[in-house]
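This report concerns only the one structure given below.
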Amino acid sequence: MNGFVSLVGAGPGDPDLLTVKALRSIQQADVVVYDRLVSDEILALIPAATARYDVGKRCGQPSLKQEAISELLVTLAGKYKRIVRLKGGDPYVFGRGGEEALLLVANNVPFEVVPGITAAIGCAAATGIPLTHRGLSRSVTLVTGHVQDGGEFHGWSGLVKAGGTLVFYMGLERATELRRGLLQAGAPANLPIALVAAGTTRQQRVEVTTLACLEQTAHTLSGLTPVLMIMGEVVQLRAELGDMAETLLQSVA
Ligand SMILES: C[S@@+](CC[C@H](N)C(=O)[O-])C[C@H]1O[C@@H](n2cnc3c(N)ncnc32)[C@H](O)[C@@H]1O
C-alpha cells in the first residue's frame, strides 16, 4: 500500500477553529494518529470506524518518543491509504511537524501539511489581545520556552531590542529564567503579560500580570495546561476588548 500522510493542524482547541480542509481530512482518513493537545471535541469528529493511535501523554501513560512517532507514520503508510497525523495548533509551529516531514521524505512517503490556527493567534482572539496594534507593537515574535537538553537560551537582548509583542510557548515552567533573562536584557519590570490557560476553550483562564510578578502569577496557574504567555503593551487592550471575546467563548462547543 502506498499511503498518503496529511500532517494536520487541529488548532488551539475550539473545534470551530478547524479549517474546512482539516475537517475533510479527518473525515476521510483510514487512520488518525493524534497527540495530547488535540481536544476531545475534535477527537469526537473522527468517524467511529477509523483506526486511531493516541501517541500523547494521557492519564500518566508515557508518550511515544518523537522518532517512534515518525517511524509509526512510515509504517502506517505501508498499511493504509489515507493517514492523518493530527496535531494541536499548527504542525510547523513548535509542533515537530518538520521532523516528521523529513522522515517521510527520506522514506519516499508522499505527504501534505494542512495548516492550523496556532495557539498565539487563537488565544489573541479569545482574550481580546491584538498581537500587533498601530502605535503599540509593530512585530510579533513566537518563542519557545523549552530549551533542548537543559541548554541555555542566549537570545534575550535580541527579543527585547525587537520591541514588539513576544509570545512564549511552553514557557510556564521556565518563568524564573524568562523573567531574569528579559530583565537583564533591559525589558521593563512593568511589562504587561497575559498568561492564557486552555485558550479558546470554555475552560480558558487568563491572568494579567507584569514581568516583575511573572513567577507568582505563573504559580497560580500551575496544574493548568496548556499555557501561553503574551508579553507586550498590547496586553493593555484586553481591558477594552476582553469582555466581548470571552462572552463569545461561552458558545464554544
Ligand atoms: C508543543 S507546543 C505546540 C504548539 C502548537 N503546534 C501550536 O501551533 O499552537 C505546546 C504549547 O503550545 C501552547 N498552547 C497550545 N494550545 C494552547 C491553548 N489552547 N491555550 C494556551 N496555550 C496553548 C502552550 O504554550 C503549550 O505549552
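The values are calculated or read from the model by the stated rules, or taken from the named source; none is laboratory data. Keep in mind that this is a model prediction, so the values were computed, not measured. In this analysis, Cβ positions are derived from the backbone assuming ideal geometry, glycine residues included, and neighbour counts consider all displayed protein chains. For accessibility, only protein heavy atoms count, side chains too; no ligands or nucleic acids. Shrake-Rupley method; radii C 1.70, N 1.55, O 1.52, S 1.80 Å.
For the pair D40 and H219, label points projected 7 Å from Cα toward Cβ lie 3.1 nm apart. With contacts taken as Cα pairs under 8 Å at a separation of at least 6 residues, the chain carries a relative contact order of 22 percent. For the range 167-236, the set of trypsin sites (Lys or Arg not before Pro) satisfying both a DSSP loop assignment and a count of at most 15 other C-beta atoms within 10 Å is given as R202. Calculated FRET efficiency, R205 to E173, Cβ-Cβ distance, R0 = 22 Å: about 0.80 to the nearest 0.05. The alpha carbon gyration tensor of the range 4-114 gives principal lengths a ≥ b ≥ c with a/c below 1.5, which makes the shape rounded.
Cross-link partners for K81 among the aspartates and glutamates, with Cα-Cα distance under 15 Å and sequence neighbours closer than 8 places in the same chain left out: D30, E112.
Protein heavy-atom surface of the range 1-155, 1.4 angstrom probe: 53% of the accessible area is carbon and sulfur, with nucleic acids and ligands not counted. Relative to the dominant Cα principal axis of the chain, helix 175-184 is inclined by about 50°. With all protein chains kept in place, the per residue accessible area of the chain amounts to 51 square angstrom at a probe of 1.4 angstrom. Given axes a ≥ b ≥ c from the Cα gyration tensor, I'd like to know whether the range 132-253 is rounded (a/c under 1.5), prolate (a/b larger than b/c) or oblate. Oblate, because a/c is 1.5 or more while a/b does not exceed b/c.
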